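Right, one structure below, let's go through it.
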Amino acid sequence: MSDLHAATNRPAGVGADASASGGTGISAGLPPAVGAAAAEAAAELPRRAADAVQLLVDTVHDKAVRPAVIATRAIVFGLVVAAVATVLVVVGSIAVLRLFDVYVFHHRVWLSYIVLGAAFTLAGLAAWTRRTARPSPVRPR
């Protein structure tokens, strides 16, 4: 049997004909329209797989990573604001104490301490009166 005779007895897309028709072998024994559609779908699979992976990565990022980043930023910025506020309160207290001592009470530092202590006590009492009551952790029976 010759090679020409052997090639004509095989279905399309198999054996020697597979390399002539693109080498995929997908359209073996199928009508030409269906074989072309199958080859086109097979060529589209890598793009669709990449799109599916990208969708999965974006979903995980939106659902897990982004809220974690936002929470971390809030914690870090909150700590920075708290540290700066603490420094400002301490430096402001020292400045007010020195101003009272030198310019208001003429080096009577004990009067400066009393006035500053009274101001902080009144501020604490004002904050204490504005607090909200927490519900009791013990349930009534």
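For residues that are assigned to a loop (DSSP other than H, G, I, E, B) and not basic (Lys, Arg), scanning just the range 96-117, find the one that is surrounded by the most Cβ atoms within 10 Å (Cβ to Cβ). Per the stated criteria, the residue is 105. The single condition among (1) modelled with pLDDT under 90; (2) out of contact with any Pro (no Cβ under 8 Å at 6 or more places or on another chain) that residue 69 does not satisfy is (1). Does the range 30-51 contain at least one residue that is exposed (fewer than 11 other Cβ atoms within 10 Å of the Cβ), part of a loop (DSSP other than H, G, I, E, B) and at pLDDT below 90? Yes, because at least one residue in the range 30-51 is exposed (fewer than 11 other Cβ atoms within 10 Å of the Cβ), part of a loop (DSSP other than H, G, I, E, B) and at pLDDT below 90. Checking 129, 121, 72 one by one, the residue that is of a type in the set (S, T, N, Q), under 37 Å from the mean Cα position of the chain (by Cα) and loosely packed, with under 11 Cβ neighbours inside 10 Å is 72 and no other.
The values are calculated or read from the model by the stated rules, or taken from the named source; none is laboratory data. This structure is a prediction, so every number in the text was calculated from the model and none was measured. Please note: Cβ atoms are built from the backbone with ideal geometry, for glycine as well, and neighbour counts cover all protein chains shown.
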